[in-house]
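Here is the structure we will look at, set down as structure tokens.
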Amino acid sequence: IKRCYRTKKDDIKNDLLIPLISNAVEYDRGTGFFSIDALIELSAGIIPYINNGGIIKIVTSVDLDVRNLKIIKKGIDYGRNMVSEYILDEIDKSLAQDDELLDLDLITNLIAVDKLQIKIAYLPDGGIYHEKICFIKDADGQSIWFTGSNNETYNGLKKNAESFLVLKSWQGEME
């Protein structure tokens, strides 16, 4: 794992995020902007992570597009109104399929059974929550943290010119 990554130079998705997430037991993300499309891009790592009992935790700003809000609301409503065991069964069936892409129904169901937790940060004095931070920990207790310019969006992963700094627990207290 390198110390610094740049989106136009490095394949962040395939060389860093998917391998880390797929072997993780904890995945926490703070981001100014978030889109469900970013989760779809990372699905090859998210599927093994969920199969290992992981819960995706995201804190983001109040500025979400209508499509993402509808998907999140639908998942919350399902969680309130439907039987969790049925939804967990459906998730297990979806995760067992050969197709590695998470579909929107699966994302809705992950929200419904609290496997995907999205918290909205509201700043009462104005402005938006705009941090870009991430914490990923594996079963051996080793962890990485990163901070930089990248949001948890499709553009943040695939199109924008972004960079971030990676800190590794095994590097000692200096990290």
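A few notes on this one:
- Projected area averaged over orientations for the range 1-69, convex hull of C-alpha atoms, nm²: 5.3 nm²
- Summing charges over neighbours of T31, with a neighbour being any other residue whose Cβ is under 9 Å away from its Cβ, gives 0 when K and R count +1 and D and E count -1.
- Segment L123-R6, length gained on full extension (0.36 nm per residue, minus Cα span): 39.1 nm
- Remark: spin-label model distance D114-K158 equals 3.3 nm, labels positioned 7 Å along the Cα→Cβ axis.
Every number here is computed from the coordinates shown, using simple stated rules; none is lab data. What you see is a predicted model, and the numbers here were worked out from it, not measured in a lab. When we count neighbours, we look across all protein chains shown, and the Cβ atoms used for this are built from the backbone with ideal geometry, even at glycine.
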